Amino acid sequence: MDHEKTAPAEWSRRRTRHDPPALDEAIAAAQGLTDQVESQIEIAAQLIGLPEEEVRTHVLLAPAHTRKSRIVPARNRQTEIVVIKRRGSRIQGS
């Protein structure tokens, strides 16, 4: 009993939404990546899609991002290994 399954019609009409980050989100992300202000300006501008001149004043006025927690590797502990396998498509044609 081979039943050929096809994807529902509404699956082909799905679209992925693209929402660029807000200015404060882009600045926070840039501050998390580097401590250099010029690099933060460049990263934030690229994330939002605005010229660096428009982003510069906001980055300079933004409070410095401080990390509240610090990740320190524990000594004498085994490293946990996580394996992620990608599954094939559920719909298989014949």
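The values are calculated or read from the model by the stated rules, or taken from the named source; none is laboratory data. In this text the structure is predicted, and so the values were computed from the model without any measurement. Cβ coordinates were reconstructed from backbone atoms using ideal geometry, including for glycine residues, and neighbour counts include every protein chain displayed.
The set of residues from segment 29-57 being surrounded by fewer than 17 Cβ atoms within 10 Å (Cβ to Cβ) and not in a loop (DSSP other than H, G, I, E, B) comprises ALA29, GLY32, LEU33, VAL37, GLU38, SER39, GLN46, GLU52, GLU53, GLU54, THR57. Beta carbons closer than 6 Å, at least 6 apart along the sequence or on distinct chains, pair a first residue in segment 7-21 that is more than 30 Å from ILE48 (Cβ to Cβ) with a second that is surrounded by 10 or more Cβ atoms within 10 Å (Cβ to Cβ) and among the hydrophobic types (A, V, I, L, M, F, W, C) for ALA7/ILE91. In segment 10-28, of all residues being small (Gly, Ala, Ser) and under 16 Å from ALA64 (Cβ atoms), the one that is surrounded by the most Cβ atoms within 10 Å (Cβ to Cβ) corresponds to ALA26. Taking the listed residues HIS18, HIS3, the one that is under 18 Å from the mean Cα position of the chain (by Cα), at pLDDT below 90 and part of a loop (DSSP other than H, G, I, E, B) is HIS18, with no other qualifying. For beta carbons closer than 9 Å, sequence separation of 6+ or different chains, a first residue in segment 46-65 that is at negative phi and a second that is outside any helix (DSSP H, G or I) and among the small types (Gly, Ala, Ser), the qualifying pairs are ILE48/ALA22.
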